[in-house]
């Protein structure tokens, strides 16, 4: 289990860093587009298309990493009133619901990526960007989140079974990535 957790964290961190690079590139190209448009009367071609595709990487690349840190927001109105077992069961329940939702999103994303590849789908703009990579990144990021959710559900059920306080935080061996 530790190997799976470490591998998952390393992959999620890699995808997160790739999203960070994409975000920086989007900012640089956006800045160049604004300067080119305002001062040189020449916008950078393909800025919108590049930024649209990169945002998919930024959002879906960070999902699994954020989940591994238990960093997604949650409403704790009733959560804090329960004991350790209740909290663990509530965590398992919410992670199971998230698994169902993102499972459907992943399945749909895979179907869209396959279809996009088959028809060589590209954006409509000055520069035609292929849309398959963005659709594949959506499916990849979501699939990585699904694996993390399975690990978290197993951890939550284990905490509920033991009845210990435990943490709804990442296990101690994952602190090396912080």
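Residues that are closer than 19 Å to residue 49 by Cα and in contact (Cβ under 8 Å) with a residue 40 or more places away in the chain were ranked within the range 136-148; the one that is surrounded by the fewest Cβ atoms within 10 Å (Cβ to Cβ) is 138. Scan the range 114-133 and report the pairs whose first residue is free of Cβ contacts under 8 Å to residues at least 40 places away in the same chain and whose second residue is surrounded by 15 or more Cβ atoms within 10 Å (Cβ to Cβ) and assigned to a loop (DSSP other than H, G, I, E, B), with Cβ atoms within less than 6 Å and a gap of 6+ or a chain change. Correct list of pairs: 116/131; 121/131.
I'd like to verify a number: residues in the range 32-71 that are within 19 Å of residue 19 (Cβ to Cβ) and either outside any loop (DSSP other than H, G, I, E, B) or in contact (Cβ under 8 Å) with a residue 12 or more places away in the chain (or both), how many? Here the count works out to 23.
Selection over the range 5-15 of residues that are more than 12 Å from residue 68 (Cα to Cα) and in contact (Cβ under 8 Å) with a residue 12 or more places away in the chain gives a count of 1.
What's the total number of residues in the range 1-31 that are over 20 Å from residue 52 (Cα atoms) and part of a helix (DSSP H, G or I)? Here the count works out to 13. Residue-level check: of (1) surrounded by 14 or more Cβ atoms within 10 Å (Cβ to Cβ); (2) under 17 Å from residue 150 (Cα atoms), residue 22 misses just (2).
Any read-out appearing in this document is the output of simple, stated calculations on the displayed coordinates, not a laboratory observation. Here the structure is a predicted model, which is why all the values come from computation and not from measurement. Reconstructed Cβ throughout: ideal geometry from the backbone, glycine too, with neighbour counts over all protein chains shown.
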